[in-house]
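Colleague: Just passing along the structure, written as structure tokens.
The values are calculated or read from the model by the stated rules, or taken from the named source; none is laboratory data. Computed from a prediction, not measured in an experiment: that's the story for all the values here. All Cβ positions, glycine included, derive from the backbone under ideal geometry; neighbour counts span all protein chains shown.
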């Protein structure tokens, strides 16, 4: 038991040790949203500018993100620049021709050693096909600034860029756009504790398909009350003829989700990030497990509770994005509930 306890402790410690570089990029949650559903888009600023405290944040809203309302922050002055929409937005049957275009929080003092979140409520409308909606961010630190505005080339991992623009994958939906909250975004809401649950699947842990990929045996582990990190595990099988790649993951239950590999080098456990993603070759199966490749949930917004489930959006290079529910197994579990004893 001593060895196992030490391994669990080292896993959490190494996760924290990599956090300084893991959160180099400004990010946004949720990772995906449906047209017509109202969401709470949360921009996370992980650090200052070369050690200087952050004093201002400006977010430019993409075309199609309408009826936006920022959340005020104590100690920060709020400003809204408006612009005309290309197409009128629908606000409970009333057409709206213009709205917020740039939202700014200024006059604050966010130390480099701390992070914070800046929230905007709104909905995606007048989008008929899946698209990537980018939210360029200007981070000001006194006399200096950082522009999170870079757009990756086709097939390029945005994490490979120094300053990528935060993005949400938007898919066509059946929502009317009349202000109903997207359940996928609720895990990010400070005022509504939904336990990180998204009602996307009636059977968490059931096989999920996207393109030629099938995702099975998904699970995560329960965490202690103040644990900052958690792991995520599943198996993905590529039945197609073309190679694919898991390029990123995101969850409203965490500030960020990274792709990692754990390995033992002698008596030392090493945690290695995979910023370029995990290859899933044609005709092959890749398993993410506690002792190898895995997801690392960072900056947990709440403990993972056994018997519940945690939503995660997986984005593949070719197959696209898909939401998977990870049932929460017991602390130290090696497999999903009901499959104990099986080694993944």
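Colleague: Check residue 245 against each of (1) modelled with pLDDT of 90 or more; (2) in a strand (DSSP E or B); (3) out of contact with any strand residue (DSSP E or B) (no Cβ under 7 Å at 6 or more places or on another chain) and name the one condition it does not meet.
Modeller: (3)
Colleague: Another question, then. Select from the stretch 120-137 the residues that are surrounded by fewer than 19 Cβ atoms within 10 Å (Cβ to Cβ) and under 20 Å from the mean Cα position of the chain (by Cα) and write down the one among them that is farthest from residue 98 (Cα to Cα).
Modeller: Taking the stretch 120-137 first, the residues surrounded by fewer than 19 Cβ atoms within 10 Å (Cβ to Cβ) are 121, 126, 128-132.
Still in the running and under 20 Å from the mean Cα position of the chain (by Cα): 121, 130-132.
Numbers: 121: 16, 130: 23, 131: 21, 132: 22 Å.
Checking each candidate, the answer is 130.
Colleague: With respect to residue 80, is the statement that it is surrounded by 20 or more Cβ atoms within 10 Å (Cβ to Cβ), assigned by TED's automatic domain parsing to the domain that holds residue 140 and touching a strand residue (DSSP E or B) at 6+ places or on another chain (Cβ under 7 Å) true?
Modeller: Working: surrounded by 20 or more Cβ atoms within 10 Å (Cβ to Cβ): no; assigned by TED's automatic domain parsing to the domain that holds residue 140: yes; touching a strand residue (DSSP E or B) at 6+ places or on another chain (Cβ under 7 Å): yes.
For residue 80, the condition - surrounded by 20 or more Cβ atoms within 10 Å (Cβ to Cβ), assigned by TED's automatic domain parsing to the domain that holds residue 140 and touching a strand residue (DSSP E or B) at 6+ places or on another chain (Cβ under 7 Å) - is not met.
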